[in-house]
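Any read-out appearing in this document is the output of simple, stated calculations on the displayed coordinates, not a laboratory observation. Keep in mind the model is a prediction, meaning the values are calculated, not measured. Every residue, glycine among them, receives a Cβ derived from its backbone with ideal geometry; neighbour counts consider all protein chains shown.
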Amino acid sequence: MISVKKKLTVLRGAFYFVPVLLVIYAMSIGPVFGYLLAQDDDIPHSFGQFVDNFYAPLKWIINQSDALSDLFGSYIKICMELF
C-alpha cells in the first residue's frame with residue numbers, strides 16, 4: 001500500500017506540474033510559428049501539418065477573440081524577429 005504521505009506528494013507534484021506544462025504549451029506556439037514562418041518553404045509538409053494539428057486548440061481559442069488574435073499576431077512578429 002502507498003502511504004498517505006506519498007499520495008499527497010504525488011498529488012502536490014501533479015498540482016504544480018500540469019499548470020506549468022499548460023503554460024509551456026501555450027507559450028511555445030510563438031517561437032514555433034515564428035520559426036516556421038521565417039523559413040522559406042524549407043519545412044516538410046507533414047511537419048507543418050503536425051504543428052497545425054498540435055496547436056489547433058490554441059488557435060481555436062485565439063480565433064474566438066479579436067484582442068487575443070491581435071496579441072497573438074504581435075507575439076508571432078516578435079518571435080519571427082528572433083529567427
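Is there a quick way to get the dipole size of segment 21-83? I mean about its Cα centre, with the Cβ of Lys and Arg at +1 and of Asp and Glu at -1; what is the value in debye to the nearest 20?
Values: 2 positive and 7 negative charges, 48 e Å.
Dipole magnitude for segment 21-83 comes out near 220 debye.
Taking θ as phi - 60° and the Karplus parameters 6.51, -1.76 and 1.60, the scalar couplings of segment 72-81 work out to 5, x, 5, 4, 5, 4, 4, 5, 5, 5 Hz in sequence order, x denoting glycine and proline.
In terms of modelled amide H atoms, which long-range or inter-chain residues lie less than 5 Å from the amide H of residue 43? For residue 43, no residues qualify.
Over the residues of the chain, the helix contribution to mean residue ellipticity at 222 nm works out to -28500 deg cm²/dmol, using -39500 (n - 2.57) for each DSSP H run of at least 4. For residue 9 and residue 78, the difference between the fully extended length at 0.36 nm per residue and the C-alpha to C-alpha distance is 20.9 nm. Couplings 3J(HN,Hα) for segment 13-20, derived from phi with the Karplus relation 6.51 cos²θ - 1.76 cosθ + 1.60 (θ = phi - 60°), are x, 5, 4, 8, 5, 5, x, 5 Hz, where x marks Gly and Pro.
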